[in-house]
Amino acid sequence: MPLKKILCHMKLSTVTSVVVTLLFATIICFLFPQLTEAKNTKTEMPYYIETIKSPQQINDNVSYYDLRIEPGKTEKVELKMHNTSDRPLTLLVKANTARTGTGGNIDYSGDKKSHLAESLTYSFEELVTGDKEVMLQAGETKVVPYYIKVPKRSFSGVILGGFYIQEKQVDSGKSKKTGVSIENRYAYVVGCKISETDQSVEQKFALNNPQLKEWNYAPNIQVDLINQASRIISHYKLTGSIKKKKGRIVQTITPKTFSMAPDSKYRLLEGIRLESFPPGEYIYELTITGDRKTWELSEKFTISANDIHQAKEQTGLEDSISKVLKVVIVMIGILIFITVIVLFRRRRKHEKNN
C-alpha cells in the first residue's frame, strides 16, 4: 500500500478512535452522573455532622428531626460536629425555613429568591436559638445544643426547616492576586419537622401573577404556584397550557413532577417564542395531581406591547434583530451593486457587438 494511503488510513483510524472514546465518555457521564457528583461523605469533607436523638422524636426511621412539641414548650436538640481534618476550622450554622426551588425541590439553603407564602404562621429561624459559628480544633468533636421554642399560640400542620452547615471560608489572598477563584463549597443539611398534633390540614393551591419575563437570557412566562397549606408536598405532578382569552391553546406547559415545602411558592418558568405571543389577553391553566386528588387552577394575564419590547431588550433579541436587519440590508445592497455592474457590462458588450 502506498505511504500516502497508509498515513491517510492511520489518521482516519485515529480520528475514529478519538470520536468513539468521546462518545463513550459522554454516554457514561449521562448514564452514571453520580460518578462525577460530589458527595457529603466523611472522606471528601473535612467535617461531618451527626444528630443526637431527641426525646420528642416521633419517627425513629428517619435521619432528620421529626419532633412533636407542645405549644409554649422549648425543646433542645443536639448536633455532634466532627472535624476530621488536621487543621482547625469554623463551621457556620444557619437555621433556615424550608423553601421551594425553581427545580421543584425542597431547599434548605435559605435562598431568598425562593419566596415564602403569606399563609406561613411561623418561620423556622424565628423559633431557633444557638451558636451560629462553631470553632473546632484539628480532630475535635463537639456536641452543640440548639433550642426550639414553640409559641404559645398553637398552629396546624407542620413547620419545616433545617440546619444548614458550611465551613467558614478564609480568604488566602490568592484570588485577589490571580483574579481567579475556583472552590468547592459543601454543606450539610439536618432537616427538622415540627408538629403539635397528628391532625392533617386541607391542601390548598393558588396561582399568582403570570407575566412575561426574561430568565437566563430567554423569554419566559413565569407564575408562582403557591402551597397555601402547612403540609409537605412530595412527588406531585402538573400539566397545563397557556391559552388566548377565547380559548385557543398557544402553548402546552412542560409536564413536571415536583415537591414543595409548606407555605411556599414555586416559581414556574415556561420558555416561549415571542412571535407566538402577540399583545393580548391570555389564560394560564394548570392541573395538579397527587395523593389521589386533582386540583384545577387558572389565572388570567395580559401581555402588552411594552412587555414584549422589554423582553426583547433584556434577552438581547432586539439587538440581534437589528444586527440581522443591518446584515440583510448590506447583503441586499451588495447584490444590487453586483447586479447593476453585470447588467452594465452586458449592455456595453451588446453595444460593441452591434
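Within the stretch 78-105, residues that are in contact (Cβ under 8 Å) with a residue 12 or more places away in the chain and within 16 Å of Phe124 (Cα to Cα) sit with their Cβ atoms under 6 Å from residues that are part of a loop (DSSP other than H, G, I, E, B) and hydroxyl-bearing (Ser, Thr, Tyr), at 6+ positions apart or across chains, in these pairs: Asn96/Tyr108; Thr97/Ser123; Ala98/Tyr108; Arg99/Ser114; Thr100/Ser114.
Rundown of residues vs (1) on the phi > 0 side of the Ramachandran plot; (2) among the hydrophobic types (A, V, I, L, M, F, W, C); (3) modelled with pLDDT under 95, yes/no style:
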{"position": "Ser195", "(1), (2), (3)": "no, no, no"}
{"position": "Glu202", "(1), (2), (3)": "no, no, no"}
{"position": "Asn220", "(1), (2), (3)": "no, no, no"}
{"position": "Ser230", "(1), (2), (3)": "no, no, no"}
{"position": "Lys243", "(1), (2), (3)": "no, no, no"}
{"position": "Ile249", "(1), (2), (3)": "no, yes, no"}
{"position": "Glu270", "(1), (2), (3)": "no, no, no"}
{"position": "Gly280", "(1), (2), (3)": "yes, no, no"}
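Condition check for Val93 on (1) among the hydrophobic types (A, V, I, L, M, F, W, C); (2) modelled with pLDDT under 95; (3) farther than 28 Å from Tyr236 by Cβ: one failure, at (2). Got at least one residue in the stretch 57-68 being at pLDDT below 95 and assigned to a helix (DSSP H, G or I)? Checked the stretch 57-68: no residue is at pLDDT below 95 and assigned to a helix (DSSP H, G or I).
Scanning the stretch 127-144 turns up one or more residues that are part of a helix (DSSP H, G or I), within 20 Å of Glu196 (Cα to Cα) and touching a Lys or Arg at 6+ places or on another chain (Cβ under 9 Å).
If you go through the stretch 123-151 and pick out every residue that is of a type in the set (S, T, N, Q) and farther than 20 Å from Thr97 by Cβ, you end up with 2.
Within the stretch 214-221, not a single residue is in contact with a Gly (Cβ under 7 Å, 6 or more places away or on another chain), of a type in the set (A, V, I, L, M, F, W, C) and under 26 Å from Ala95 (Cα atoms).
The values are calculated or read from the model by the stated rules, or taken from the named source; none is laboratory data. Just so we're clear, the structure is a prediction, and the values are computed from it rather than from any experiment. Glycine gets a Cβ as well: all are built from the backbone with ideal geometry, and neighbour counts include every protein chain shown.
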